[in-house]
Amino acid sequence: MKRRVVITGMGVVSPIGNDCTTFWNSILNQTCGIDEIKSFNTDEYKVKLAAEVKDLNEDLYFTKRELQFNDRFTVFARIATKQAVQDSKIEIDSINKNRFGVIIGSGIGGLASLENASNSLKDRGPSRISPYFIPMTLINLAAGQVAIDQKAQGLCSSVVTACAAGTNAIGEAFHKIRDGYQDVMIAGGSEAAITPLGIAGFMVMRALHAGSDKNYASIPFDENRSGFVMGEGAGILILEELEHALARKANILAEVIGYGSSCDAHHITAPVEDGSGAAYAMVEAIHDAGIEKEEIEYINAHGTSTPLNDKTETLAVKNAFKEHSKHLAMSSTKSYTGHLLGASGAVEAIICVKALQDGYIPATINSKAQDVLCDLDVVLKEGRKQSLRTVMSNSLGFGGHNASIILRKYEQ
């Protein structure tokens, strides 16, 4: 028999808040985290804007020595995890650590560490590269370091599926618990790619918005959208088997009920234009949940603000939901946070949990004129108070990766 899986803790580091309360209040107050890049000089760059993490007090969580040889993406993951574990009130020493695992995704991993090492090699020679360079760079070290922090001795893995990584990580962790392999999982995504090389790489691909108005930059589903805005941060959730959570009287935040994943097998960066790959992931998630498609009331869209993604995702929703696509609400919260790449799906899952709890659909802020090709019920300008029971979150990534998860308001 398939076991029920619930969410009992959450933690976040983001451009609009470094804890879940601040983060959600920023959503409610329609705070946009996009601004001019502060972390490096952009004089030679056409792209000037990003959504950087601000005012993160690392000393609240770890000593400087503990974080000394960590890339920024690992720091984000460790801090968000510590928040999530504290939020869950789980007593680590009282659980079976062999059935306590970690899956944390990332699209790029330790890019800043890679850049720093390359500069050291060029300027100072090979013997001056840090001996910690390799572990600082590897994507799996976020999960590995979190496992060390939290004494998680079960499955420890990483998902590297570009911008779908965070959602894939949560979905895979959900299945591991549901199917009986683990009891508790730390799951989510982390990214820190706002670096000279990261911005330059996406800039020359012409994937990034190059305007100067921070309040008209990340504008999903707007007819004038011209590219995404890079974000950074981490989202971590504690997933737990229901009876395990009930036995310790945990505060249950929501339930994970479905997960679907697919590949376009079409192009290294562009989605298949009819949306069929993404639609298949949504349909698989619905089948996995054992529900009817009409039960989905809200979709947190991938919604990157690129010309191709937004119209393709609209087609995908139409393909997956047929007539019901006209009756469900959809928004993109990348209008607040920018695009956190491999962390985006995890951060957006947290938004979905809060939306279920508060009965509130966040608006797609800053978008002014809805594209006629994106003709679904896109919630624009103002959030919508609406009682919610079942919601979906979509993530689509370079390489044709598609992932969808379905969350439900917890009912005993």
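The values are calculated or read from the model by the stated rules, or taken from the named source; none is laboratory data. Since the structure is predicted, the reported quantities are computational estimates derived from the model, not experimental observations. Glycine gets a Cβ as well: all are built from the backbone with ideal geometry, and neighbour counts include every protein chain shown.
A few notes on this one:
- Of all the listed residues (ASP183, ASP222, ASP264), the sole one being among the charged types (D, E, K, R), more than 23 Å from MET10 (Cβ to Cβ) and out of contact with any Gly (no Cβ under 6 Å at 6 or more places or on another chain) is ASP222.
- When residues of the stretch 201-214 are limited to those that are under 26 Å from ASN119 (Cβ atoms) and surrounded by 16 or more Cβ atoms within 10 Å (Cβ to Cβ), the one farthest from the chain's Cα centre (by Cα): MET203
- Those residues of the stretch 63-89 which are assigned to a loop (DSSP other than H, G, I, E, B), of a type outside the set (D, E, K, R) and within 23 Å of the chain's Cα centre (by Cα), in sequence order: LEU67, ASN70
- For the stretch 373-387, the set of residues classified as surrounded by fewer than 22 Cβ atoms within 10 Å (Cβ to Cβ), part of a loop (DSSP other than H, G, I, E, B) and at pLDDT 95 or above consists of LEU373, ASP375, LEU376, VAL379, GLU382, GLY383, GLN386, SER387, listed by residue number.
- Some residue of the stretch 298-305 being surrounded by fewer than 24 Cβ atoms within 10 Å (Cβ to Cβ) and on the phi < 0 side of the Ramachandran plot: no
- Taking residues in the stretch 88-109 that are farther than 11 Å from ILE238 by Cβ, and partners anywhere that are aromatic (Phe, Trp, Tyr) and crowded, with 24+ Cβ neighbours inside 10 Å, the pairs with Cβ atoms closer than 7 Å and at least 6 places apart or on different chains are SER106/PHE73; GLY109/PHE73.
Condition check ((1) over 25 Å from ARG72 (Cα atoms); (2) charged (D, E, K, R)) across all residues:
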| position | (1), (2) |
| --- | --- |
| ASP288 | yes, yes |
| LEU315 | yes, no |
| LYS326 | yes, yes |
| SER332 | yes, no |
| SER344 | no, no |
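- Contact map, the stretch 19-34: residues that are in contact (Cβ under 8 Å) with a residue 12 or more places away in the chain paired with residues that are surrounded by fewer than 18 Cβ atoms within 10 Å (Cβ to Cβ), Cβ distance under 7 Å, separation 6+ or inter-chain. Pairs shown: CYS32/ASN215.
- Counting only residues that are assigned to a helix (DSSP H, G or I) and closer than 19 Å to GLY9 by Cα, the stretch 99-144 holds 3 of them.
- Evaluation of ALA320 against the conditions (1) surrounded by fewer than 24 Cβ atoms within 10 Å (Cβ to Cβ); (2) over 21 Å from the mean Cα position of the chain (by Cα) shows that the sole unmet condition is (1).
- Count of residues meeting criterion [under 18 Å from THR81 (Cβ atoms) and in a helix (DSSP H, G or I)] in the stretch 319-349: 8
- Hey, GLU255 over 23 Å from ALA143 (Cβ atoms), of a type in the set (Asp, Glu) and part of a strand (DSSP E or B) or not: yes
- When each of ILE299, ILE268, ILE291 is tested for being outside any helix (DSSP H, G or I) and in contact with a Leu (Cβ under 8 Å, 6 or more places away or on another chain), the lone residue that passes is ILE299.
Yes/no per residue for (1) under 19 Å from the mean Cα position of the chain (by Cα); (2) in the same structural domain as VAL85 (by TED's automatic domain parsing); (3) closer than 30 Å to GLU313 by Cβ:
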residue	(1), (2), (3)
GLU115	no, yes, no
LEU121	no, yes, no
ARG124	no, yes, no
ILE134	no, yes, no
ILE148	no, yes, no
SER158	yes, yes, yes
ASN168	yes, yes, yes
LYS176	no, yes, yes
ALA193	yes, yes, yes
